[in-house]
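One structure below.
The values are calculated or read from the model by the stated rules, or taken from the named source; none is laboratory data. Note that this is a predicted model, so its numbers are computed, not measured. Note: ideal-geometry Cβ built from the backbone for every residue, glycine included; neighbour counts use all protein chains shown. We work out accessible area using only protein heavy atoms, side chains counted, and drop any ligands, DNA or RNA first. Shrake-Rupley method; radii C 1.70, N 1.55, O 1.52, S 1.80 Å.
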Amino acid sequence: MGRIESNLANTPHFNPLNPREFRKQAHEMVDFIADYYQNIESYPVLSQVQPGYLRASLPQKAPSLPESLETILEDVKNQIIPGMTHWLSPNFFAFFPSTFSTAGFLGEMLCTCFNSVGFNWIASPAATELEMVVIDWLADMLKLPKSFMFQGTGGGVIQNTTSEAILVTLIAARDKALDVDGSGNLNKLVVYASDQTHSTFAKACKMVGISPRNIRLIPTTIDAGFSLSPVQLKAAVEADMADGLVPLYLCVTLGTTSTTAVDPIELLAGVAKEHGIWVHVDAAYAGSACICPEFRHHLNGVERVDSLSLSPQKWLLSGLDCCCLWVKNPTALVKALSTNPEYLRNKQSESDSVIDFKDWQVGTGRRFKSLRLWLIFRTYGVVNLQGHIRSDVGMAKRFEEF
């Protein structure tokens, strides 16, 4: 022990977050980022490098001694940036636009600054309560019924992506159905969506144990605008019930990835509710438009569904990763996903007076991501966010005219 103590005594103290050094390096990094944004249009949007280029140009081992930030940023400029596909470039037209913003960036900086790991209320009360506030703010902007809000009987949570929103609601629906059935027979459960639904739906279904042969991707037609037909859904559900299967879950999409199709929420929910099917609305892309009164009709019938998700990272100026999920019955979600190890127990949680968001998601740890939306909503206001949506829609109409 004496030898170990002697060695420790001779080891200089390493402070990874020295305030004086942090201030200097933070200025360097902010300047570097500002220069990147200033020059982003000059870079080729799609990287021109070949596979394996970076491994061949970097050392095989990490450095033993410190290197200066100036040296590292030079390598970022010369080795990392050439290997980037620049999603924020004004010349980027693939997939969906990465609609970042100054406010979103500043919110991300604050999130990183605090490094809050807000798995339960007591771990960071502000992180939990601000998330509840901004989720209700956005619900109000969308004119969602009170049954989806903390102000009412429901609530919402920020997931990382739509994939996770679908996954956790599938888990809740599955466990609820198995509790009712009592047989525990996963092989009987059937799920429904259109053939335009994002591929992550089938992936999530497989992850929760739904047999691939019980995933119904109902064909759509160009004449119907590639939207899911309530008549075809009803026929599929009734055929499955006749075969002794149990209809479980319907994924309705507002703005599909391939064709931007809009499924008729009200009519589809009417069919599903006749048979006790959990209805989830994936409004990842187009749902943001519904903060504008002239587009709100696309959410008609939402009061009949069980859950709804929307991704502000796609059209509301927030960068990755940010997906808002609302549920009408939080109890079903918490019952399916809650964990309560001894080291996380506390009197506030056990009194049921607070929300512990660890029980609303797959993992335990979670970042203070609501800061990003909070800054966006406060910095721009609803009027400017609506103007942003209307401007994009106007450009799309102009493009269609061309």
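Side notes on the structure shown:
- Restricting the search to helices (runs of 4 or more DSSP H) fully inside the range 41-151 and requiring at least 2 residues that are within 25 Å of residue 380 (Cα to Cα) gives 102-114, 125-141.
- Residue 273 among the charged types (D, E, K, R) and over 26 Å from residue 370 (Cβ atoms): yes
- Out of 239, 224, 289, sole residue that is in contact (Cβ under 8 Å) with a residue 12 or more places away in the chain, open to solvent by less than 80 Å² (accessible area, probe 1.4 Å) and in the same structural domain as residue 310 (by the TED database): 289
- Condition met for residue 326 (of a type in the set (Phe, Trp, Tyr) and touching an Asp or Glu at 6+ places or on another chain (Cβ under 7 Å)): no
- Residue 231, sole failed condition from (1) more than 19 Å from the chain's Cα centre (by Cα); (2) within 29 Å of residue 393 (Cα to Cα); (3) among the hydrophobic types (A, V, I, L, M, F, W, C): (2)
- The residue pairs whose first member lies in the range 64-83 and is without any contact (Cβ under 8 Å) to a residue 24 or more places away in the chain, whose second member is surrounded by fewer than 14 Cβ atoms within 10 Å (Cβ to Cβ) and among the charged types (D, E, K, R), and whose beta carbons are closer than 6 Å, counting only pairs six or more residues apart or on different chains, do not exist in this structure.
- Just one of the numbered conditions (1) over 23 Å from residue 148 (Cα atoms); (2) among the hydrophobic types (A, V, I, L, M, F, W, C); (3) in contact with a Pro (Cβ under 9 Å, 6 or more places away or on another chain) is not true of residue 355: (1).
- Qualifying residue in the range 259-278 (condition: under 23 Å from the mean Cα position of the chain (by Cα), surrounded by 22 or more Cβ atoms within 10 Å (Cβ to Cβ) and closer than 22 Å to residue 211 by Cβ): yes
- Taken over the range 111-140, the criterion of being farther than 14 Å from residue 357 by Cα, surrounded by fewer than 21 Cβ atoms within 10 Å (Cβ to Cβ) and β-branched (Val, Ile, Thr) is satisfied by 112 alone.
- Among the criteria (1) open to solvent by 40 Å² or more (accessible area, probe 1.4 Å); (2) closer than 25 Å to residue 291 by Cα; (3) not aliphatic (A, V, I, L, M), the one residue 351 does not fulfil is (2).
- Residue list for the range 360-398, filter: polar (S, T, N, Q) and open to solvent by 20 Å² or more (accessible area, probe 1.4 Å): 364, 379, 384, 386, 391
- Looking across 272, 284, one residue alone is closer than 21 Å to residue 170 by Cβ, of a type in the set (Gly, Ala, Ser) and in a helix (DSSP H, G or I). It is 272.
- Condition met for residue 335 (within 21 Å of residue 189 (Cβ to Cβ), open to solvent by 10 Å² or more (accessible area, probe 1.4 Å), at pLDDT below 95 and more than 21 Å from the chain's Cα centre (by Cα)): yes
- For residue 252, the conditions (1) outside any helix (DSSP H, G or I); (2) open to solvent by 50 Å² or more (accessible area, probe 1.4 Å) all hold with the exception of (2).
- Residues that are of a type outside the set (S, T, N, Q) and touching a Pro at 6+ places or on another chain (Cβ under 9 Å), drawn from the range 360-402: 360, 372, 373, 376, 392
- Candidates 233, 245, filtered to the one that is in the same structural domain as residue 304 (by the TED database) and either modelled with pLDDT of 95 or more or under 18 Å from residue 164 (Cα atoms) (or both): 233
- Flag if residue 377 is aromatic (Phe, Trp, Tyr), outside any helix (DSSP H, G or I), in the same structural domain as residue 304 (by the TED database) and touching a Phe, Trp or Tyr at 6+ places or on another chain (Cβ under 8 Å): no
- Residue list for the range 48-70, restricted to those being closer than 22 Å to residue 22 by Cα and surrounded by 10 or more Cβ atoms within 10 Å (Cβ to Cβ): 68, 69, 70
- Within the set 318, 309, the sole residue that is outside any helix (DSSP H, G or I), touching a Cys at 6+ places or on another chain (Cβ under 7 Å), of a type in the set (Ser, Thr, Tyr) and open to solvent by less than 30 Å² (accessible area, probe 1.4 Å) turns out to be 309.
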